[in-house]
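Here the structure is laid out as structure tokens; the discussion comes afterwards.
The values are calculated or read from the model by the stated rules, or taken from the named source; none is laboratory data. Note that this is a predicted model, so its numbers are computed, not measured. Ideal geometry is used to build each Cβ from the backbone, glycine not excepted, and the neighbour counts take in all protein chains shown.
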Amino acid sequence: MANLKHWIPQLANQRILVVGDLILDEYLTGKTTRLSREAPIPVLEFESRQLIPGGAANPAANIVALGSTAIQIGIIGSDTNATNIRQVLQARGIETDNLITDSTRPTTVKTRIMAHMGLRFPQQVARLDTLSREPINPVVERNVRAAIDEQIPLVKAVLLSDYDTGLLTPTLVSTIRKLAAKTHILLTADAQGKLEKYKGFGVVKCNADEAADYLRRHLESNKDFAQAAQELCQSLQLTHGMVITRGADGATVCEASGAVTHCPAPAVTDVYDTVGAGDTTIAVLTLAVAAGAPLAESTILANYASGLVVRRVGNYTPSPDELAWAFDTWGGN
């Protein structure tokens, strides 16, 4: 894998526009003391509160961590959590001048209750989501389109992160596709199963379950995934290719030429949390393809970066040095 390490420095010094559903990930951690008398649940004594960029903010955080610039476009509410997410993004070095306020909806927050139970990492015992899934209204959509129109000539690529909370409507995605076509800018998308919206993009990524659900058939073998990737790449008319991530089995890639590659994942044994791995994948794919790396090599880079993420609890953004370490450590697998 040593030959792929030369791409790591080239992930830096790019300017990427990230458009998608912003989420503030809140982690409330407590120490388990006893079982409640009121219900069969543990009683936790509060220890800490942590706020982390989630949803479309996580690919942006990954982009910055790898040495590039991320311009964030997304929707926030007119509430306390809007201030919180803006501060969290700014602390990560993410440009926030293009966040659009919609006072009719809350800032999306996922609150995870974490319990320390004598293990290395706290365990999640509950999650409470605050969100709206209503599509953005026409006024907000016009404001978003104006921000994208202003930024798109200044970037190397546009990454769309779709968490199904109303921002990436079919009309907005169509507008982004038309704007990017004028300047031949790379378009990538983490479609989360909503693949039909991203026809004509450069690279589209989904996971194995999302591909199976979309195609309405069971996928198990390499041959199954190869056929699925080819079918999706062709039907979506992708200019670079389709990537289906498969967890420990790596990822299957179909390039626009029709060539299929099964890209290995590193043999990570200490897996603690898969949250955020897909966000890291689309961030690295975008940076690598924008830098000129072949799609299969870009996918292997993304697999190794995601391998670093699943060794941590919650969203984690690996650095270039950590990615180089991953190739040095797991390169023989």
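Within segment 175-191, is even one residue among the acidic types (Asp, Glu) and surrounded by fewer than 16 Cβ atoms within 10 Å (Cβ to Cβ)?
Of the residues in segment 175-191, the ones among the acidic types (Asp, Glu) are 190.
Filter once more, keeping what is surrounded by fewer than 16 Cβ atoms within 10 Å (Cβ to Cβ): none.
No, the conditions are met nowhere in segment 175-191.
Looking for whichever is in contact (Cβ under 8 Å) with a residue 40 or more places away in the chain and either touching a Leu at 6+ places or on another chain (Cβ under 6 Å) or at positive phi (or both) here; the options are ILE148, ILE152. Which one fits?
Every option except ILE152 fails the conditions.
Which residue pairs have Cβ atoms under 6 Å apart, sit 6 or more places apart or on different chains, and have a first residue in segment 32-51 that is touching a residue at least 40 places away in the same chain (Cβ under 8 Å) and within 19 Å of ARG112 (Cβ to Cβ) and a second that is in a strand (DSSP E or B) and charged (D, E, K, R)?
GLU47/LYS31
Conditions tested, residue by residue: (1) modelled with pLDDT of 90 or more; (2) under 16 Å from the mean Cα position of the chain (by Cα); (3) assigned to a helix (DSSP H, G or I).
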residue: VAL275; (1), (2), (3): no, yes, no
residue: THR280; (1), (2), (3): yes, yes, yes
residue: VAL284; (1), (2), (3): yes, yes, yes
residue: ALA293; (1), (2), (3): yes, no, no
residue: GLY314; (1), (2), (3): no, yes, no
residue: THR317; (1), (2), (3): no, yes, no
residue: LEU323; (1), (2), (3): yes, no, yes
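For segment 108-119, check the following and say yes or no: at least one residue is at pLDDT below 95 and either out of contact with any strand residue (DSSP E or B) (no Cβ under 9 Å at 6 or more places or on another chain) or within 26 Å of ALA302 (Cβ to Cβ) (or both).
yes
Between a residue in segment 282-298 that is in contact (Cβ under 8 Å) with a residue 60 or more places away in the chain and any residue that is basic (Lys, Arg) and surrounded by fewer than 24 Cβ atoms within 10 Å (Cβ to Cβ), which pairs come within a Cβ distance under 6 Å, given they are 6 or more apart or on different chains?
Once the first residue is in contact (Cβ under 8 Å) with a residue 60 or more places away in the chain and sits in segment 282-298, its partners that are basic (Lys, Arg) and surrounded by fewer than 24 Cβ atoms within 10 Å (Cβ to Cβ) give ALA290/LYS156.
Which of the residues belonging to segment 138-168 are polar (S, T, N, Q) and at pLDDT 95 or above?
ASN143, GLN151, SER161 - these are the residues of segment 138-168 that are polar (S, T, N, Q) and at pLDDT 95 or above.
Evaluate the following for THR33: is it at pLDDT below 95, touching a Ser or Thr at 6+ places or on another chain (Cβ under 8 Å) and over 22 Å from ILE176 (Cα atoms)?
Judged against the criteria, THR33 is not a match.
Per-residue answers, yes or no, for (1) over 19 Å from THR165 (Cα atoms); (2) touching a residue at least 12 places away in the same chain (Cβ under 8 Å); (3) among the hydroxyl-bearing types (Ser, Thr, Tyr):
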{"residue": "ALA60", "(1), (2), (3)": "no, yes, no"}
{"residue": "ALA70", "(1), (2), (3)": "yes, yes, no"}
{"residue": "ARG92", "(1), (2), (3)": "yes, yes, no"}
{"residue": "SER132", "(1), (2), (3)": "no, yes, yes"}
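Are there strands (runs of 3 or more DSSP E) fully within segment 180-270 with at least 3 residues that are at positive phi, at pLDDT below 95 and charged (D, E, K, R)? List them.
none
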